[in-house]
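Only one structure is covered here, and it is reproduced in the block below.
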Amino acid sequence: YRKNLATKFEKSTAHLTMTPRNAATAEDITQPQIPLIDLHQPPHLLRQQLYAACSTWGFFQLLNHDIPSSLLSQFREAISSFFSLPYESKLKLKRNANNSRGYFDDELTKRRRDWKECLDVGVPGSRDWSAGDDADINPCLDGRNRFPVEEECPKFREVVVRYFEECARLSNELAVLMAGALGGGEG
């Protein structure tokens, strides 16, 4: 069966023809290389590479994104600290029918339980991270953020908020660059 499947695959890739601009070839499919995009390169090269990555692959790995490595390390440490908390502590932050933000470990994929833990956070309803998560101005459509208490997970909220803000800044920058590269705006 495996030999037969391999033969079918070889036959299907040998006759693969695509006509879109920057279309993948059979060699590209058998030798995948995720595009690497360096934000610190000249703008004309950046636009060309973004166009190729977005129109051919649909994703890429970003280099020199300017999120400080110290913040990335702090974020990894904070997340590790949170997920190392006792289960009972994480359950205090469990999301529910009235608040889809918070901790969960019971998600299903194709009606089967995923063996993962998550903590969903997002921009507060007020768009003001300095307001308390339980402040009257902070609920939004999917609820309120739920963070562990400082005593259990020191500086967790502070680090996650800084990381979130950096990712939002980068996302906005990338959206403009991608729009420009794909012909939808200045980039």
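Derivation of every value follows stated rules applied to the coordinates shown; laboratory data play no part. Owing to the predicted nature of the structure, the values given are computational and were not obtained by experimental measurement. Using ideal geometry, Cβ is built from the backbone for each residue, glycine included, and neighbour counts are taken over all protein chains shown.
Some points to look at:
- Segment 69-129: C-alpha gyration tensor shape, a/c 1.5 cut-off, then a/b vs b/c: oblate
- Looking at segment 41-92, the chymotrypsin sites (Phe, Trp or Tyr not before Pro) that sit in a DSSP loop and have at most 15 other Cβ atoms within 10 Å of their own Cβ are 59.
- Prolate/oblate/rounded label for segment 30-174 (Cα gyration tensor, a/c 1.5): prolate
- Net lengthening on full extension, residue 72/residue 57 (0.36 nm per residue, minus Cα-Cα): 2.8 nm
- Distance between the pseudo-spin-label points of residue 83 and residue 120 (7 Å out from Cα toward the beta carbon): 1.8 nm.
- Förster-model FRET efficiency, 30 Å R0, residue 44 and residue 164, C-beta, rounded to 0.05: 0.40
- Among the trypsin sites (Lys or Arg not before Pro) in segment 65-166, those placed in a DSSP loop whose Cβ has at most 15 other Cβ atoms within 10 Å are 92, 110, 111, 116, 127, 155.
- Gain on full stretching of the segment that runs from residue 128 to residue 172 - 0.36 nm per residue minus C-alpha separation: 14.1 nm
- Loop-located chymotrypsin sites (Phe, Trp or Tyr not before Pro) in segment 90-187 (DSSP state other than H, G, I, E, B) with a sparse environment of at most 11 neighbouring Cβ atoms within 10 Å: 115.
- 11 Å beta-carbon shell around residue 153, net charge (K/R +1, D/E -1): -2
- Other-chain or far-sequence residues with amide H under 5 Å of residue 94's (modelled H): 103
- Local electrostatic count at residue 170 - Lys and Arg +1, Asp and Glu -1, tallied over other residues with Cβ under 15 Å: -3
- Other residues whose C-beta falls under 12 angstrom from the C-beta of residue 142 contribute a net charge of +3, scoring Lys and Arg +1 and Asp and Glu -1.
- Between residue 110 and residue 94, full extension at 0.36 nm per residue minus the direct alpha carbon distance yields a gain of 3.6 nm.
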